[in-house]
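The structure under discussion appears below in the form of structure tokens.
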Amino acid sequence: MDAFYIIATASLFAISCSILGAFLILRKMAMVGDAISHAVLPGIVIAFLFTGSRDSITMIIGAGILGVFTTFLIEFFHRRARLQADAAIGVTFTWLFALGVIMVSLFAGQIDIDQDCVLYGEIAYVPLDLWISESGINFGPRALYVASGILIINLIFLFIGYKQLYITTFDPQYAATIGVGVTLWNYLLMGSVSMTTVAAFESVGAILIVALMVVPSACAYLLTQRLEQMILLGVLISIFISVVGYYLAAMIDGSIAGGIVTVSGCLFLMILLTQVLKKRGAKTTVSSPENLG
Amino acid sequence: MELFFEFFSFQDASIISVVIGSILLTSSSAVVGTFTFLKKKALLGDAVAHAVLPGICLAFILSGTKNPLILIIGAFITGWLSLITIDFIGSRTKLKEDTAIALVLSVFFGVGILMLTSIQHSGNAAQTGLDSFLFGNAAALIGTDLIVFAFVSLVLFGVVSLLFKEMKILAFDPSFAQVIGLPVKTLELVLTSITVLAVVTGIQAVGVVLMAAMLITPAAAARFWTQNVLHMTLIAGVLGAFSGLAGAFVSYSAPTMPTGPWIVMVISIIALISFFLAPKRGILSRNLQQRSLRHLIMDENLLKELYHIGEKDNTPFKERSIAAIMRERFFPEGQLKSGLIRLKRKGFLVNKDGRWKFTQLGYEKGQRMVKLHRLWELYLSEYLKIAPDHVHEDAETIEHVITPELEARLEKMLAFPETDPHEKKIPY
């Protein structure tokens, strides 16, 4: 049952991440997603210090604001200080992440996160943190509900905003002409990325979240041209890597999040190599003299 | 405070070695980072930094020791491999470079974490301290570790100073480098290698997670203080050294504290101060420049409009009300009033009972603006054959920046014309 809970939680988070990741990849903003996932750490610690617990709405909102603030800060350094874009991203998130890690080590006694949790989360402990009602009914692991809640919010966001996200992603100028707020949808997307990061943070850690966002969607992007199919494939891949990754980690007794990411990396490598080989095969058939003759 | 003096008196031999070590590590990576920054490859450094983790773990698993030389070799190999993979994904598939970087970064790091946790759970006693590579531990820079890491930093300094000119050209204009016969491919290879090496050396003090900051942030901060690449490299090196010193101090005063985040915090604060306060390029000084330019344009426009009003009723030195100025041309009221006050302070206008009139100086300046505006309109329509109804906008912007030399040339070229394309008299 523990294995089921862990895999289910991981899959739900991975699905949320891959949906958002599809848009990040298409908008060429994967590294901004990476920056946000690092930069929300101080927000999480501050919210922790104020509320004293981790599964609070304040935390998600607080860190969500910080994520949007990061996006704003990157833009600000890029526009106002004319700092080149890549350096603006690099400076902003390393600074905020360093701040977060310092806070984690300073307030080690008062908050329930440590450096390991920051890096790769503690999804193995999911089955231990149960939601038990006052009358003593056991509803199962708390993280499972958080993961489902976040997925539902992301799905609602996707259903309501699909058209707008689609247009602002592929043709921002056209979107602006027909009155769809490009900046607004950008910030909404970044807000969702931060929110999902915060929710999934204690399970998979800040850095491996990036892998969940980028890798399944990148695999899907190599396999299809259509956005709907890309998202759907990303979801299937997310579930697959969560299951296989769990058993890989169990086999060599390592971090489960690390195992999931490793499996996703292997899957990507396989798809990448078949694609490249297929392309090479296609090229040789076209240029071979028999076909031309 | 006591700790502070104790530390900076450098009584203890181990303090000296930790200080020297941290300074060398952080300043050498800052110096190399200057070139990755200039080549706009800053985020590749982030990928390399994360990608050395599996290399370190693998080297440990295979060798069973924490010999720094072996770990460095392992880190170097996976760091390089990550760059090759990013390049391969970027050039062979439709995935863009940023996706490739994010993907390689997180996957390599994930594999590293899987190995690291597996090593930790294996109960191998030799592994303690391996996790200090995550966030850095400057205090561990003693003995062989110090010698190996310091040696690599010196190699980095050596390579950069020997190839400084070539690297500079490569960073700014690779095609020019190709044309003048520089071995561009080899140089790229060298730059990539020293970048990977810089990351690898820095991890002892800063750790893999935040190592990217040591490549990016000192260079970004230095960029705001100079236009000269040599100066920029030196400033970045000094800033890097300073943050390294701060890191060593933290490591000394609080041994359990990871040093990396503190080093990054110090260098980031320096960078933020530079972004805002640096002369010329900083946000504050940029805003001031923009403001003084806005004021200049506002003032000159006001003088010009006052001249226009005087031209109409032939009494240039008559007092005008604010309403009269507004009738001639609309200005936002606050800006109009502060502009008038500025002009009074400069001696171009005098104020009497809330009405404004030219001084001789102000009249001449207003006349000059009108002249410049009309000369430029005439120049555009005569020489560039632009229709007279299209020349006003352009003249409106350029009139503020025409120098006396250009003014003299325009007058000579157009032979002191009487009227502009709208048949208005050009005043001399």
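The values are calculated or read from the model by the stated rules, or taken from the named source; none is laboratory data. The structure displayed is predicted, hence computed values, not measured ones. Ideal geometry is used to build each Cβ from the backbone, glycine not excepted, and the neighbour counts take in all protein chains shown. In case anyone asks, the SASA skips ligands and DNA or RNA and just uses the protein heavy atoms, side chains included. Shrake-Rupley method; radii C 1.70, N 1.55, O 1.52, S 1.80 Å.
Restrict the check to the range B:70-86 and report whether at least one residue is surrounded by fewer than 19 Cβ atoms within 10 Å (Cβ to Cβ), farther than 23 Å from A:Ala249 by Cα and within 14 Å of chain A (Cβ to nearest Cβ).
So the first thing to find is which residues in the range B:70-86 are surrounded by fewer than 19 Cβ atoms within 10 Å (Cβ to Cβ), and the list is B:70, B:73, B:77, B:81, B:84.
Those still in the list that are farther than 23 Å from A:Ala249 by Cα too: B:70, B:73, B:77, B:81, B:84.
Filter once more, keeping what is within 14 Å of chain A (Cβ to nearest Cβ): B:81, B:84.
Yes: the range B:70-86 contains one or more residues that are surrounded by fewer than 19 Cβ atoms within 10 Å (Cβ to Cβ), farther than 23 Å from A:Ala249 by Cα and within 14 Å of chain A (Cβ to nearest Cβ).
So which of B:Gly181, B:Gly110 ends up being open to solvent by less than 30 Å² (accessible area, probe 1.4 Å) and farther than 21 Å from B:Thr233 by Cα?
Working: B:Gly181 fails: open to solvent by less than 30 Å² (accessible area, probe 1.4 Å).
That would be B:Gly110, the only listed residue that is open to solvent by less than 30 Å² (accessible area, probe 1.4 Å) and farther than 21 Å from B:Thr233 by Cα.
Taking the range A:118-139 on its own, how many of its residues are buried (at least 19 other Cβ atoms within 10 Å of the Cβ) and not acidic (Asp, Glu)?
Qualifying residue count for the region: 6.
Considering only the range A:83-96, state which residues are more than 7 Å from chain B (Cβ to nearest Cβ) and either among the basic types (Lys, Arg) or within 20 Å of the chain's Cα centre (by Cα) (or both). Full working, then the answer.
First, the residues of the range A:83-96 that are more than 7 Å from chain B (Cβ to nearest Cβ): A:85, A:88, A:92-93, A:96.
The answer is A:Thr92, A:Phe93, A:Leu96.
Could you please give the count of residues in the range B:338-363 that are among the basic types (Lys, Arg), part of a helix (DSSP H, G or I) and open to solvent by less than 90 Å² (accessible area, probe 1.4 Å)?
Result for the range B:338-363: 1.
Give the residues of the range B:122-136 that are in contact with a Gly (Cβ under 7 Å, 6 or more places away or on another chain) and at the interface with chain A (Cβ under 8 Å from one of its Cβ atoms), sorted by residue number.
So the first thing to find is which residues in the range B:122-136 are in contact with a Gly (Cβ under 7 Å, 6 or more places away or on another chain), and the list is B:126, B:133-136.
B:Leu134, B:Phe135, listed by residue number.
Got a number for residues in the range A:221-256 being at the interface with chain B (Cβ under 7 Å from one of its Cβ atoms), among the aliphatic types (A, V, I, L, M) and open to solvent by less than 40 Å² (accessible area, probe 1.4 Å)? Write out each step before concluding.
Taking the range A:221-256 first, the residues at the interface with chain B (Cβ under 7 Å from one of its Cβ atoms) are A:221-222, A:249, A:252-255.
If we keep only those that are among the aliphatic types (A, V, I, L, M) as well, we get A:222, A:249, A:252.
Subsequent filtering for residues that are open to solvent by less than 40 Å² (accessible area, probe 1.4 Å) retains A:222, A:249.
Number satisfying all stated conditions: 2.
Considering only residues that are among the aliphatic types (A, V, I, L, M) and away from every other protein chain (no Cβ under 11 Å), which ones fall in the range B:278-297?
B:Leu288, B:Leu293, B:Leu296, B:Ile297
Here's the yes/no breakdown for (1) of a type in the set (Gly, Ala, Ser); (2) without any contact (Cβ under 8 Å) to a residue 24 or more places away in the chain:
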{"site": "B:Leu343", "(1), (2)": "no, no"}
{"site": "B:Gly347", "(1), (2)": "yes, yes"}
{"site": "B:Leu372", "(1), (2)": "no, no"}
{"site": "B:Leu375", "(1), (2)": "no, no"}
{"site": "B:Glu396", "(1), (2)": "no, yes"}
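Under the condition of being surrounded by fewer than 24 Cβ atoms within 10 Å (Cβ to Cβ) and touching a residue at least 60 places away in the same chain (Cβ under 8 Å), which residue from the range B:52-66 is farthest from B:Met211 (Cα to Cα)?
Among those residues, the one meeting the criterion is B:Gly64.
Conditions first: (1) under 21 Å from the mean Cα position of the chain (by Cα); (2) on the phi > 0 side of the Ramachandran plot. A:Gly140 passes all but one, so which condition is the exception?
(1)
Looking at the structure I just gave you, is A:Phe4 free of Cβ contacts under 8 Å to residues at least 40 places away in the same chain, part of a helix (DSSP H, G or I), out of contact with any Lys or Arg (no Cβ under 8 Å at 6 or more places or on another chain) and within 12 Å of another protein chain (Cβ to nearest Cβ)?
no
Please go through the range B:253-267 and pick out each residue that is facing chain A (nearest Cβ under 7 Å) and either buried (at least 24 other Cβ atoms within 10 Å of the Cβ) or touching a residue at least 60 places away in the same chain (Cβ under 8 Å) (or both).
B:Pro258, B:Pro261, B:Trp262, B:Val264, listed by residue number.
Looking at the range A:1-49, which of the residues that are within 27 Å of A:Leu227 (Cβ to Cβ) and of a type in the set (D, E, K, R) is nearest to the chain's Cα centre (by Cα)?
A:Asp34
For the range A:25-51, how many residues are part of a helix (DSSP H, G or I) and either touching a Lys or Arg at 6+ places or on another chain (Cβ under 9 Å) or surrounded by fewer than 24 Cβ atoms within 10 Å (Cβ to Cβ) (or both)?
Number of matching residues: 11.
For B:Phe157, which of the numbered conditions (1) more than 12 Å from chain A (Cβ to nearest Cβ); (2) surrounded by fewer than 19 Cβ atoms within 10 Å (Cβ to Cβ); (3) modelled with pLDDT under 90; (4) assigned to a helix (DSSP H, G or I) fails to hold?
Tallying (1) more than 12 Å from chain A (Cβ to nearest Cβ); (2) surrounded by fewer than 19 Cβ atoms within 10 Å (Cβ to Cβ); (3) modelled with pLDDT under 90; (4) assigned to a helix (DSSP H, G or I), B:Phe157 fails exactly one: (3).
Taking the conditions exactly as written (open to solvent by 50 Å² or more (accessible area, probe 1.4 Å) and closer than 18 Å to B:Lys365 by Cβ), does B:Pro404 satisfy them or not?
Judged against the criteria, B:Pro404 is a match.
Collect the residues in the range B:67-77 that are under 33 Å from the mean Cα position of the chain (by Cα) and in contact (Cβ under 8 Å) with a residue 40 or more places away in the chain, keeping them in residue-number order.
Matches in the range B:67-77: B:Ile72, B:Ala75, B:Phe76.
Under the condition of being at pLDDT below 90 and part of a helix (DSSP H, G or I), which residue from the range B:87-96 is least open to solvent (accessible area, probe 1.4 Å)?
Ranking the candidates gives B:Gly90 first.
Being farther than 18 Å from A:Tyr246 by Cβ and among the hydroxyl-bearing types (Ser, Thr, Tyr) is the filter here, so list the residues in the range A:115-147 that pass it.
Once the filter is applied, which keeps residues that are farther than 18 Å from A:Tyr246 by Cβ and among the hydroxyl-bearing types (Ser, Thr, Tyr), the range A:115-147 yields A:Ser133, A:Ser135, A:Tyr145.
Would you please list the contacts, defined by Cβ atoms under 9 Å and residues six or more apart or on different chains, that run from a residue in the range A:213-232 that is without any contact (Cβ under 8 Å) to a residue 40 or more places away in the chain to a residue that is assigned to a loop (DSSP other than H, G, I, E, B)?
A:Leu232/A:Thr224
Identify, please: which residue in the range B:217-232 is farther than 22 Å from B:Asp173 by Cβ and assigned to a helix (DSSP H, G or I) and is, among those, farthest from the other protein chains (Cβ to nearest Cβ)? Walk me through how you get there before you give the answer.
Going through the range B:217-232, the residues farther than 22 Å from B:Asp173 by Cβ turn out to be B:217-218, B:221, B:224-225.
Retained after the next criterion (residues that are assigned to a helix (DSSP H, G or I)): B:217-218, B:221.
Numbers: B:Thr217: 5, B:Pro218: 10, B:Ala221: 8 Å.
Among those residues, the one meeting the criterion is B:Pro218.
Quick one: is B:Ile147 over 30 Å from the mean Cα position of the chain (by Cα) and in contact (Cβ under 8 Å) with a residue 24 or more places away in the chain? Before you say what the answer is, go through the steps one by one.
Numbers: over 30 Å from the mean Cα position of the chain (by Cα): yes; in contact (Cβ under 8 Å) with a residue 24 or more places away in the chain: no.
So B:Ile147 does not fit the description; no.
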